[in-house]
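For reference, the structure discussed in these notes is given below.
The values are calculated or read from the model by the stated rules, or taken from the named source; none is laboratory data. Since we're looking at a predicted model, the values are computed, not measured. Glycine also receives a Cβ, built like all others from the backbone with ideal geometry; neighbour counts cover every protein chain displayed. In case anyone asks, the SASA skips ligands and DNA or RNA and just uses the protein heavy atoms, side chains included. Shrake-Rupley method; radii C 1.70, N 1.55, O 1.52, S 1.80 Å.
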Amino acid sequence: LVYTLFFREVGTPRWLLLKEDFKSAQYVWDTETVPDGTVQVRVVASDRGSNPVVKALSGEAVSDPFEIDNTPPMVKIRAVAGLDNVVVTGVVEDQISAILSAKYAVNSGDWDVVFAEDTIFDSPKEKLNFEIGSLKSGVYTLVIRAEDVLGNVGVGKTNFEVK
């Protein structure tokens with residue numbers, strides 16, 4: 001069989017050629033070359049390579065819509081404050097996908113897990129409100145790393161001082 005692959009953004013009438021005369025039953029698509037959005041793929045298969053043109057058959061199938069999301073979540077650290085316990089507030093937001101997880105590190109230390117303010121990451125926008133704990137006087141760097149369900153990673157960082 002010989003395959004021709006097309007794709008389109010859902011809601012647009014025109015199919016765009018992705019790959020023509022492809023002979024393998026598998027294709028790995030580098031979706032970083034496509035804008036974020038909801039897309040469909042159409043596969044046209046033909047046996048024209050092993051039959052005369054007038055006897056060749058073809059068929060096609062269209063995928064269910066699926067999301068392409070290559071944009072990382074945005075991490076906004078709103079405040080870092082406290083004397084006995086340092087408290088961090090912020091927000092993690094993705095344009096398309098739900099947030100999967102978040103972690104923080106202080107002064108390039110080990111990553112510590114952070115929960116969403118409502119205790120579960122399950123939407124594209126999540127509030128953060130967590131305690132780092134007690135720190136000695138000094139200047140610190142805080143980095144928050146967030147990942148969406150499609151594996152995109154965003155990072156936010158700030159410097160703060162404990163007096």
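This structure gives mean projected area of the Cα convex hull in nm², computed directly, and of (i) 9.0; (ii) 12.4; (iii) 14.4 that value is listed as (ii).
With 10 Å bins beginning at zero, the pair-distance distribution over Cα atoms of region 67-163 amounts to 17, 50, 25, 7, 1 %. Residue by residue, region 87-98 carries 3J(HN,Hα) couplings of 10, 10, 10, x, 8, 10, 9, 10, 6, 10, 9, 6 Hz when phi is fed to the Karplus relation 6.51 cos²θ - 1.76 cosθ + 1.60 (θ = phi - 60°); x denotes Gly or Pro. The trypsin sites (Lys or Arg not before Pro) of region 1-78 that meet both conditions, a loop assignment by DSSP and at most 10 other Cβ atoms within 10 Å of the site Cβ, are ARG14, LYS23, LYS55.
Under the 0.36 nm per residue contour assumption, what length would be gained going from the current alpha-carbon distance of GLU9 and SER134 to full extension? Don't skip to the end; give the middle numbers.
Values: separation 125, 0.36 × 125 = 45.00 nm, distance 5.01 nm.
Once the chain is fully extended between GLU9 and SER134, it gains 40.0 nm.
In whole Å, what is the distance between the alpha-carbon centres of region 131-163 and region 1-31? Spelled out, the Cα-based centre of one part sits 42 Å from the other. Extension gain for the segment TRP111 to THR38, taken as residue separation times 0.36 nm less the Cα-Cα distance, is 23.0 nm to one decimal.
Calculated FRET efficiency, ARG48 to ASN70, Cβ-Cβ distance, R0 = 25 Å: about 0.10 to the nearest 0.05. Projected label points at ALA98 and ASP118, each 7 Å from Cα along the beta carbon direction, are separated by 1.1 nanometres. Taking all Cα pairs closer than 8 Å and separated by 6 or more residues, the relative contact order of region 1-153 comes to 19 percent.
Per atom type, the chain shows carbon and sulfur on 51% of its accessible surface, probed at 1.4 Å. Entry comment: accessible area of the chain is 63 Å² per residue, from protein heavy atoms only and a probe of 1.4 Å.
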